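The values are calculated or read from the model by the stated rules, or taken from the named source; none is laboratory data. Owing to the predicted nature of the structure, the values given are computational and were not obtained by experimental measurement. Glycine gets a Cβ as well: all are built from the backbone with ideal geometry, and neighbour counts include every protein chain shown.
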């Protein structure tokens, strides 16, 4: 739901259920049925109709405060913030004691970013309606947004005076004092609350504060006290686990984390996030040494939440990261099947198959994903990767044409698809069609580097239009001067044009940026060196190219 729709629904609720009372005398002046019609039109989202009715009422009775209020509401719907402010301000002037008029005016000020007016309007409301506790919290948030910490603290003092202490106010006060660099006062706030009330939340914050001050024994005591009050309180369990981890008490660590993972009341999303973070932040040795314990945590999470997408996805990627690809595949496939409405579930499974280089399973998975999300061309692109590795050239052309058909106006999609068709035709030995598609690409984007490079390189292999090839290739290295592939093409064309000294400089640059990892680039460099009479160095790079080629074929 959009932000504006949320605001609109809130406004309608206020209008229909908590709308302002207006005096009997004013009702007699206006046609009350017209106001009812206007509110009905608002409820049906017929804003122009509602606006017309309300303006007609105001032409008949310009002092009708309710009509001004509803007009302001209508204009908020239509994003006419300034018009809404003027209408709501008029309503408030006509009936200065009406809470809803001022509350809605404050909202209109906040939507236009007029924070000072928003705050002053809420402050006025608070003076007139001191028992409306939502006003205090709104003001606290506004003060914090402007870093007016003292005013925020004063507002919380008022909350405690009127409504008594609560853990949310205590926590907010603690956070503000920390932001003011007053850690001792912040700690005192928690301690004073803890003397009067028993709260796992506050006890856990005391534990966290002690941890930050490297007082792990005190922190552990607070966490245990919190857990005595609520044995499955997740923040306290994770705080306790962190102390055990710091102390290298891994039996205690995994035992405590296990309680959190096994707890039926804790949200599966929180469990998945914690375990994923644990794996990402841990050193490889930790993961290797405690793999059985980590396996147990992930398996327990999936057992507790067998259909939860977060649990299945986190577990799947954990098993892939720890080189158990088949188990990862089962988990992410299950996630996709159980959540056919989830684009993320489908993308995760298809992505995994790409990571695994499972070119046999990937096309079918991409087709399943496309059946659910027919406009997501990324699945067709992933399918093309698999088909390329299977050398199914015609299928790639068909897929690429489907991509263009699906998003004909999106050049970020159509240009790579056209380029892909050209590349595939070249693989099929059909240079005529390959160049035809390359020309289409360059007509749409004359600077599209992948096609400029491929077109230039293939011309160089044929020994055709070398100057044209050189000019195209030069554009690629101007755009990406450290791209070893593009440097290789440019250097090779210079060699074919007899400019070996220039070519040598280009290949030396390519060697710095990854050229040594590619057998073709090494071989080209060796041939340039040979043409320059540098036979010993040429032999060295010929040998390097042969070794690299053998490694690439393994």
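Is it fair to say residue 298 is within 27 Å of residue 200 (Cα to Cα) and either touching a residue at least 40 places away in the same chain (Cβ under 8 Å) or touching a helix residue (DSSP H, G or I) at 6+ places or on another chain (Cβ under 7 Å) (or both)?
In short, yes.
Condition check: out of contact with any helix residue (DSSP H, G or I) (no Cβ under 6 Å at 6 or more places or on another chain), under 25 Å from residue 120 (Cβ atoms) and surrounded by fewer than 19 Cβ atoms within 10 Å (Cβ to Cβ). Does residue 82 satisfy that?
yes
Can you find a residue in the range 153-162 that is at positive phi and more than 31 Å from the chain's Cα centre (by Cα)?
No - not one qualifying residue is present in the range 153-162.
Looking at the range 221-248 only, could you name the residues that are farther than 23 Å from residue 286 by Cα and not in a helix (DSSP H, G or I)?
Across the range 221-248, the qualifying residues are 230, 231, 232, 233.
Residues to consider are 218, 275; find the one that is assigned to a helix (DSSP H, G or I), surrounded by fewer than 18 Cβ atoms within 10 Å (Cβ to Cβ) and either touching a helix residue (DSSP H, G or I) at 6+ places or on another chain (Cβ under 8 Å) or touching a residue at least 40 places away in the same chain (Cβ under 8 Å) (or both).
218
Can you tell me which residue is nearest to the chain's Cα centre (by Cα) among those in the range 244-258 that are surrounded by 15 or more Cβ atoms within 10 Å (Cβ to Cβ) and touching a residue at least 40 places away in the same chain (Cβ under 8 Å)?
Among residues in the range 244-258 that are surrounded by 15 or more Cβ atoms within 10 Å (Cβ to Cβ) and touching a residue at least 40 places away in the same chain (Cβ under 8 Å), the one nearest to the chain's Cα centre (by Cα) is 257.
A quick yes/no check of all residues on (1) within 26 Å of residue 261 (Cβ to Cβ); (2) modelled with pLDDT under 95; (3) within 34 Å of the chain's Cα centre (by Cα):
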residue: 179; (1), (2), (3): no, yes, yes
residue: 197; (1), (2), (3): no, yes, no
residue: 204; (1), (2), (3): yes, no, yes
residue: 221; (1), (2), (3): yes, no, no
residue: 224; (1), (2), (3): yes, no, no
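Can you name the residue in the range 90-101 that is surrounded by fewer than 18 Cβ atoms within 10 Å (Cβ to Cβ) and touching a residue at least 12 places away in the same chain (Cβ under 8 Å) and is also nearest to residue 151 (Cα to Cα) among such residues?
Top of the filtered list is 99.
Determine, yes or no, whether residue 261 is touching a helix residue (DSSP H, G or I) at 6+ places or on another chain (Cβ under 8 Å), farther than 28 Å from residue 175 by Cβ and surrounded by 20 or more Cβ atoms within 10 Å (Cβ to Cβ).
Answer is yes for this residue.
Do we have any residue at all in the range 398-409 that's buried (at least 22 other Cβ atoms within 10 Å of the Cβ) and either over 27 Å from the mean Cα position of the chain (by Cα) or not in a helix (DSSP H, G or I) (or both)?
yes
Which fully enclosed helices (runs of 4 or more DSSP H) of the range 12-76 have 3 or more residues being at pLDDT below 85?
24-29, 32-43
Taking the criterion of being buried (at least 16 other Cβ atoms within 10 Å of the Cβ), outside any helix (DSSP H, G or I) and either at pLDDT 95 or above or within 25 Å of the chain's Cα centre (by Cα) (or both), would at least one residue in the range 414-425 satisfy it?
Looking through the range 414-425, none of the residues is buried (at least 16 other Cβ atoms within 10 Å of the Cβ), outside any helix (DSSP H, G or I) and either at pLDDT 95 or above or within 25 Å of the chain's Cα centre (by Cα) (or both).
Where the second residue is modelled with pLDDT of 95 or more and in a loop (DSSP other than H, G, I, E, B) and the first is farther than 13 Å from residue 489 by Cα and lies in the range 445-464, which pairs have Cβ atoms under 6 Å and are six or more apart or on separate chains?
Here the result reads none, with nothing in the range 445-464 linked to a residue that is modelled with pLDDT of 95 or more and in a loop (DSSP other than H, G, I, E, B).
Which of the residues spanning the range 193-204 are in a helix (DSSP H, G or I) and surrounded by 12 or more Cβ atoms within 10 Å (Cβ to Cβ)?
If the condition is that a residue be in a helix (DSSP H, G or I) and surrounded by 12 or more Cβ atoms within 10 Å (Cβ to Cβ), then 193, 194, 200, 201, 202, 203, 204 are the ones that fit.
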